[in-house]
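The block underneath contains the structure these notes are about, expressed in structure tokens.
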Amino acid sequence: MDAGLTLEKRIEAELKSYDGIMGIYINDFKGNCITFHADEKYETASTIKIYILAALFDEIEKGNKSLQELLEMKESHVADGSGIMCSLEIGTVLSVRNLATLMIIVSDNIATNILIDYLGIDTINAAIRKLGCKDTMLYNSIHFELYRKLGVTTPRDYAGIFERMAQGTLISREVSSQMLAICKQQHYNAMLTKFIPPYFTDADNYDEQIISFASKSGSMNACRNDGGIVTTPYGSYVIVLLNKEFSDAMYYPEHPATVFGARISKLIFDQYMALEGKLKL
């Protein structure tokens, strides 16, 4: 192999024909980080929900909130988009723990609005600052008919949440463990997993997955995002892929941002596995 054909150059080659800008941040926890446009700002879409989850656990750690508290779904919480609570009746009551789980694993927008109301936007943004994410902010609750802007982040900020989660240093070891357990139940991670062979990810024939993903994705007209922790027999790595300025605003499985993101994810996966837990020799 050409010694000059580095992983970075192969990523660049994949993106030559991509109609958009992809922000990339990858960390193998062995001293190797790969970044492209990692400090540029991107619309969060539902990736902001990881920050809301972290803010919730920060308040719980302080003793201000409780996972057992019961919260009611109100008319003001109703929102279009992803999730299952849109099929439930106004007045439905769920625990904070269940709302937090729904917010992440099926990206439930109503559950998210209930938790935003429970915590307050100022409290959430203060927690984001406390976590060192200087370029991330939640602007509004999820009401697309009222607000076009939800939040903003960078690949570096988003990766930082998962890096600390993987290392057990996100707020506390217990919080990191609880957030990791929720993120591993994620239903929407096609950008990370689309081209990973099912042999590695199918748990039906094994006691557990050979490869696991703890992640959170997000999509709006202006963005397609995904990021999280990939755990393998050789260790874990963090990968974040945020997209903007593409021309096709439609939602469909073969959207170019999803396909090109999945190609990058597969490049990283293959390299990491081939080098038995590293991105570079």
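At-a-glance table
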quantity	calculated
Residue pairs meeting the criteria (Cβ under 6 Å; at least 6 apart or on separate chains; first in contact (Cβ under 8 Å) with a residue 40 or more places away in the chain, in the range 21-33; second surrounded by fewer than 24 Cβ atoms within 10 Å (Cβ to Cβ) and in a strand (DSSP E or B))	ILE21/LYS244; ILE24/PHE36; TYR25/THR35; ILE26/ILE34; ASN27/CYS33
Qualifying residue in the range 177-198 (condition: touching a Leu at 6+ places or on another chain (Cβ under 9 Å) and either without any contact (Cβ under 8 Å) to a residue 24 or more places away in the chain or loosely packed, with under 14 Cβ neighbours inside 10 Å (or both))	no
Members of the range 191-213 found to be more than 12 Å from the chain's Cα centre (by Cα), of a type in the set (A, V, I, L, M, F, W, C) and modelled with pLDDT of 80 or more, listed by number	PHE195, ILE196, PHE200, ILE210, ILE211
For THR169: the one exception among (1) farther than 15 Å from LEU56 by Cα; (2) in contact with a helix residue (DSSP H, G or I) (Cβ under 8 Å, 6 or more places away or on another chain); (3) part of a loop (DSSP other than H, G, I, E, B); (4) in contact (Cβ under 8 Å) with a residue 12 or more places away in the chain	(4)
Matching option when the condition is in the same structural domain as ASP58 (by TED's automatic domain parsing) and closer than 26 Å to LYS244 by Cβ, among LEU192, LEU131	LEU131
Some residue of the range 187-203 being more than 23 Å from TYR18 (Cβ to Cβ) and in contact with an Asp or Glu (Cβ under 9 Å, 6 or more places away or on another chain)	no
Residue in the range 213-224 that is out of contact with any strand residue (DSSP E or B) (no Cβ under 7 Å at 6 or more places or on another chain) and more than 25 Å from ASP39 (Cβ to Cβ) present	no
Flag for GLY23 being part of a loop (DSSP other than H, G, I, E, B) and in the same structural domain as ARG224 (by TED's automatic domain parsing)	no
Residue under evaluation GLY168, criteria (1) in contact with a Gly (Cβ under 7 Å, 6 or more places away or on another chain); (2) on the phi > 0 side of the Ramachandran plot; (3) not hydrophobic (A, V, I, L, M, F, W, C), criterion not met	(1)
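The values are calculated or read from the model by the stated rules, or taken from the named source; none is laboratory data. Quantities reported herein were computed from a predicted structural model and do not represent experimental measurements. Reconstructed Cβ throughout: ideal geometry from the backbone, glycine too, with neighbour counts over all protein chains shown.
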